[in-house]
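J.: Below are the structure tokens for one structure; questions will follow.
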Amino acid sequence: MEQMSLFDRDGYEPLAARLRPQTLDEFVGQEHLLGKGKVLRRLIENDQISSMIFWGPPGVGKTTLARVIAVRTNASFINFSAVTSGIKEIRTVMKQAEENRRYGERTIVFVDEIHRFNKAQQDAFLPFVEKGSIILIGATTENPSFEVNGALLSRCRVFVLQSLKTKDLVTLLSRALSDPRGFGNTRVRIQDDMLEAIANFANGDARTALSILEMVVLNGDMDGEAVTVTPEIVSQCTSKKMLLYDKTGEEHYNLISALHKSMRNSDPDAAVYWLARMLEAGEDPLYVARRVIRFASEDIGLADPRALEIAVAAYQACHYIGMPECTLNLTEAVVYMSIVPKSNSMDVAYSLAKQDAQAHFAEPVPLVIRNAPTKLMKDLDYGKGYQYAHDTDDRLTNMQCLPDSLLGRQYYQPTEQGLEARFKTRLDQIKEWKKQHKK
């Protein structure tokens, strides 16, 4: 009789479904919530679960975590889809939950994509949550502050689940190769750098990572009882070339340095090229966006204050829509940073102030600018002689704000670049006014 392979079984489940964690120890990621001694883990282990909302991107384990909680707490688990269910279905489920409560059994109602429910549908849960008939666990990829009714949200604890890190996904992929529920009964030859390439491409999504792994194994080269996965197969299944890139090694820092220095040198073509090199190799777009935000203040600053706004907007766009759509948002930001006037005066100002702050760490705050919320503080001359600038005609005062030992220090040294030239003129006017109105 011919033995059936792993891929020939009737009722074959996708790899992601077969490897769904059954316990907290099998759960990968979310260490800030589920690590030893962390808040959510304590609630689960102590069986003190209340209604809650899981907010996070796709594929980070929201549904899986709800199922683990149901098993751990011995509660009845009802999976409820906001896409296919209406008021009628909600009432049916609530009736079942009430029956369970009469027999001393708790019911966890898990609502996937709860943000898709309208106000009336969300309100239908409210009385049952209030009287404890159900423990509601909602999952959403959208900000619950905007998408979940205030009354319902106020009765739920919100836990923010984060995108899985590359190392988490590599751990998950390695487990899939050794676990009998995955490919543990099949000899799969695949190099570690290919697993990392798959993890990078998945961009924090466990379901995507496992689906790609399953695809590359199914399309691997059969050699007797073994399956060999080649770089070409991984490239085909991810629609990406496996570029030379190590997110934790030298090449990572070489490329981000190339991007930064190309923008600083006002070379938009080079900047866009290095941006594409990183993103196409699997770099986290949010990492690039954070570096662009830093650049906006470090290398542009007040020469063009709009640069920081555009950089932050690009970060938000990357957060909202992810890869590959956010590539254009980052391109817009990188080109803008490249062509606007440059100034490093913010970097210089902070570096100089930092040196003095570290050398004069115990300098007292001048009495004149101290707050005086109590009578004792007023009696000690806190705030005595304070001048409120808005009460003057010029909106300026000659009040001393630096400690005596640092009087006269100048940290901000504006350039003549872009809009900073206007700020320099204004600062010169302020200094001249203070010189003329010196005490």
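J.: Below 8 Å, C-alpha to C-alpha, sequence gap of six or more: please give me the relative contact order for the chain in percent.
T.: It comes to 11 percent, rounded to a whole number.
J.: In the Gaussian network model of the chain, springs joining C-alpha atoms below 10 Å, which of 183, 146, 117 carries the largest mean-square fluctuation?
T.: Largest GNM mean-square fluctuation: 146.
J.: With runs of 4+ DSSP H residues as the only contributors, calculate the mean residue ellipticity of the chain at 222 nm using -39,500 (n - 2.57) per run, divided by the residue total and rounded to the nearest 500.
T.: -14500 deg cm²/dmol
J.: Testing the spin-label approximation: label points 7 Å from Cα along Cα→Cβ at residue 95 and residue 193. State their distance in nm.
T.: So the two model labels end up 6.2 nm from each other.
J.: Then there's this: Given the options 69, 134, 87, state which has the largest fluctuation in a GNM of the chain using a 10 Å cut-off (strictly under) for Cα springs.
T.: Answer for the Gaussian network model of the chain: 87.
J.: Can you give me the C-alpha center-to-center distance between the stretch 272-304 and the stretch 371-423, rounded to a whole angstrom?
T.: Cα centres, the stretch 272-304 to the stretch 371-423: 35 Å.
J.: So, in nm, how far is label residue 377 from label residue 102 when the simple model puts each one 7 Å beyond its Cα toward the Cβ?
T.: So the two model labels end up 6.2 nm from each other.
J.: Mind checking which of 398, 203, 219 has the largest fluctuation in a GNM of the chain, springs on alpha carbons under 10 Å?
T.: For the chain, modelled as a Gaussian network with Cα springs under 10 Å, the answer is 398.
J.: Let me ask something else about it. Going by a 4.7 Å Cβ-Cβ cut-off, which cysteines of the chain have no partner at all?
T.: Among the cysteines of the chain, those whose Cβ sits 4.7 Å or more from every other are 156, 237, 401.
J.: Give me the 1.4 Å probe accessible area per residue for the stretch 50-154, excluding ligands and nucleic acids, in Å².
T.: On a per-residue basis, the stretch 50-154 sits at 46 Å².
J.: For the chain, give the percent of accessible area contributed by carbon and sulfur heavy atoms, probe 1.4 Å, rounded to a whole number.
T.: Here carbon and sulfur together make up 51 percent of the probe-accessible area.
J.: Next question. Let me check against my output: what whole-number percent is the relative contact order of the stretch 86-205, with C-alpha pairs under 8 Å and at least 6 apart?
T.: Value for the stretch 86-205: 21 percent.
J.: Run the numbers for residue 126 and residue 252: contour at 0.36 nm per residue of separation, minus the present Cα-Cα distance, in nm.
T.: Working it through step by step, the gained length comes to 40.4 nm.
J.: For the chain, which span is the longest to avoid every loop-located (per DSSP) member of GluC sites (Glu not before Pro) having at most 15 other Cβ atoms inside 10 Å?
T.: Counting at most 15 other Cβ atoms within 10 Å as exposed, the longest clean stretch of the chain is 226-324.
J.: Stretched out fully, how many nm does the piece from residue 350 to residue 145 gain, at 0.36 nm a residue minus the Cα gap?
T.: Details: separation 205, 0.36 × 205 = 73.80 nm, distance 3.59 nm.
Stretched out fully, the residue 350 to residue 145 stretch lengthens by 70.2 nm.
The values are calculated or read from the model by the stated rules, or taken from the named source; none is laboratory data. Since the model is a prediction, treat every value here as computed from it, not as a measurement. No Cβ is skipped: glycine too gets one built from the backbone with ideal geometry, and neighbour counts run over all protein chains shown. Protein only, heavy atoms only, side chains kept; ligands, DNA and RNA dropped before computing areas. Shrake-Rupley method; radii C 1.70, N 1.55, O 1.52, S 1.80 Å.
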